[in-house]
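The values are calculated or read from the model by the stated rules, or taken from the named source; none is laboratory data. Computed from a predicted model, the values in this text were never measured in an experiment. Here the Cβ is made from the backbone with ideal geometry for all residues, glycine too, and neighbour counts use every protein chain on show. The accessibility values were calculated without ligands, DNA or RNA, using every heavy atom of the protein model including side chains. Shrake-Rupley method; radii C 1.70, N 1.55, O 1.52, S 1.80 Å.
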Amino acid sequence: MRIISCHIDNFGKLHNYDVCFSDLTEVIEKNGWGKSTLAQFIKAMFYGLSGNARKSIIDNEFMHYTPWSNESFTGRLVFETNGKTYIIIRDFSYGKKGFFELRDALTNKISTDYSEKIGEELFGMDRESFERTVFIDESSKVLLGATNDINAHIGNLTRAIDDINNYDAAEENLNDYLNKMSPTRKTGRIRIMKDELLLKKEKIKAKETLERGIYECDQEIASLRANVEKISQKKKIVLEKYKKATEMKIKQLEENNLSAKNASSIKPENENEDGLVIRRLLLFICCCIAGVICIITGCMCLVLLPYGGKELYPVRILGIVSLILGILMFTLGLLNKRLINKKKKNDIKTKTGGDGEIIDASTGEDSVINEDFNSAGEDSAINVVFKSTGEENAIDHILADLDKRYEIAIRKIEAISKEKEKLIEEYEVILELSAKAKDLEIEIEKAVDKYQKIEKSRDYLREAKDNFLSKYLNPVKKNFDHYYKVLSSIESSFADLSSNDLISAEFSSNAQYADNISMDTDMTLLVMDEGRQRETDYMSDGIKSLMGLALRFALCDAIFKNEKPFILLDDPFTDLDDDNLLRAKRLVKHMAKEYQVIYLSCSKARELS
């Protein structure tokens, strides 16, 4: 396959530009002339422009190479393959996809041998694979590895390219699932579920505290209810005694009333006793009066005694006698009064039932009464009976105190019951949370199990692909070793050197350069240094450029075994020193014997001829 010529109407900085290509075409121009633009134009004729939706000028080829003059954004390219010559015509300003036309150069008729995806159909690889093989620019030092198209071509597996692409799609889906369910990423489902479970378990820790609180509420309520029951019994006993005393007093009144009705016919003993009391009272008064008079008279006689003579002896004796008599009379009156008081106390004792008990329920217990035994009938009887005794006030005080304690206790029970209900509600929430936590644990266990199985499946799938591709890795590695030894050898000769031949004996002295470089199934290069395989990023840009050039040439040999494509080099040797540059230029000129080479550079020092 060869490019014959191209014409550029307007593409970037190039306007109305024509160029014809030979087996080795060199374009040596200054910076800003448009060498990279020419390289991009050749690529765009086969693959179109990319990045129409990107905003960055660097990443958006359409924006980058659109002419500033707003003139036609077109060009054409003539190439030959399989004995036929074609003309590609593209107008990149014609809609998002641009205008594409393919004509047979011999007949100038529209050809349907290839579609607008002519690059993929002609080279058997997508744009990315094209850029990693035959399209070599200064970015070739960035070793990006192989693509599915490259792997398929290396293993002569063009028919299995869909399967390899399906592998990528499957691995991408598996990776998407693993990222979505990741137990370590903050946004991973398993991580989120584990964090949620930890939060639930933290809340569940309050379960024991709530259980203890509910138990304490039950104990306190039971204690209060027991005290209420005791005080209710106490109140019942008080009321029973109160009722018994009331009945006895009412009975006594009834007996007194009955005695009063029969007073006209039967003289009661009590009346005589009352008369005796009156007489004794009168006697007390008389004795007291007489005693006072006698005491006063005696005192006066004794006071006047020192001032009289013998004739006053009778008066003196009278005074002494009067004083003694007054004292006796006063003493007799006091004894009579004491008998009267004793009689009254005996009467009161008889009326109250004979025991004189006064009920007192103030036992000092801090409890509450549960039932109310007072009734209007009992209150009326009590008011009648105890109106004059004063015992009614004492009983009312006791009952009022018990009722007050009863109300306080009831309020406490209600308050504790509300607190208990609140604790029970929280406890039920905790129980529900515990059930959800168990369900979540089961869900996490299943998710982790599924995650591990899918992770193993992905690893097995990768291993299977690597094992499959490793069978076809050896030819690429041999070609790479061949080219890298040529590029890194101090003295080399291209006499009778074929790109598919192994390195000759004269290069064996520098075999360690390639022997220290390994390659994995992704075409990633690793350098053995200090006992460890290290990434090429640790190497200098010059060494990486040599590795990149050797790898791309090796891939071209492995992929294109029959018809060889063109190789486009856009100034890839800018990082090479003089010795490496010399060997690289000699290698490129040698490659031109098998491949059509288009070489672009801005320096005459890097000119091939």
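Per-structure values
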read-out: Neighbourhood charge, 13 Å Cβ-Cβ cut-off, centred on Arg458 and excluding it, Lys, Arg +1 and Asp, Glu -1; value: -3
read-out: Distant alpha-carbon pairs in region 401-490 (separation over 23 angstrom), percent; value: 70 percent
read-out: Karplus 3J(HN,Hα) series, Hz, for region 479-486 with 6.51 cos²θ - 1.76 cosθ + 1.60 (x for Gly, Pro); value: 5, 4, 4, 4, 6, 5, 5, 4
read-out: Carbon + sulfur, % of accessible area of region 514-609 - ligands and nucleic acids excluded, 1.4 Å; value: 41 percent
read-out: For q = 0.13, 0.20, 0.27 Å⁻¹, Debye-computed log10 I/I(0) when each Cα of region 548-609 counts as one equal scatterer; value: -0.34, -0.78, -1.31
read-out: Per-selection Rg to Rh, region 172-250 - Cα, Kirkwood hydrodynamic radius; value: 1.73
read-out: Size-normalised alpha-carbon gyration radius of region 3-100, reference 2.2 N^0.38 Å; value: 1.08
read-out: Around Glu80: net Lys/Arg minus Asp/Glu count, Cβ-Cβ under 14 Å; value: 0
read-out: Carbon plus sulfur fraction of accessible area for region 181-266, probe 1.4 Å, in percent; value: 53 percent
read-out: Quotient of Cα Rg and 2.2 N^0.38 Å for region 14-53, N being how many residues it contains; value: 1.33
read-out: Too-long pairs where the Cα-Cα distance tops 20 Å, listed order kept, from Lys13/Lys35; Lys201/Lys418; Lys180/Lys446; value: Lys201/Lys418
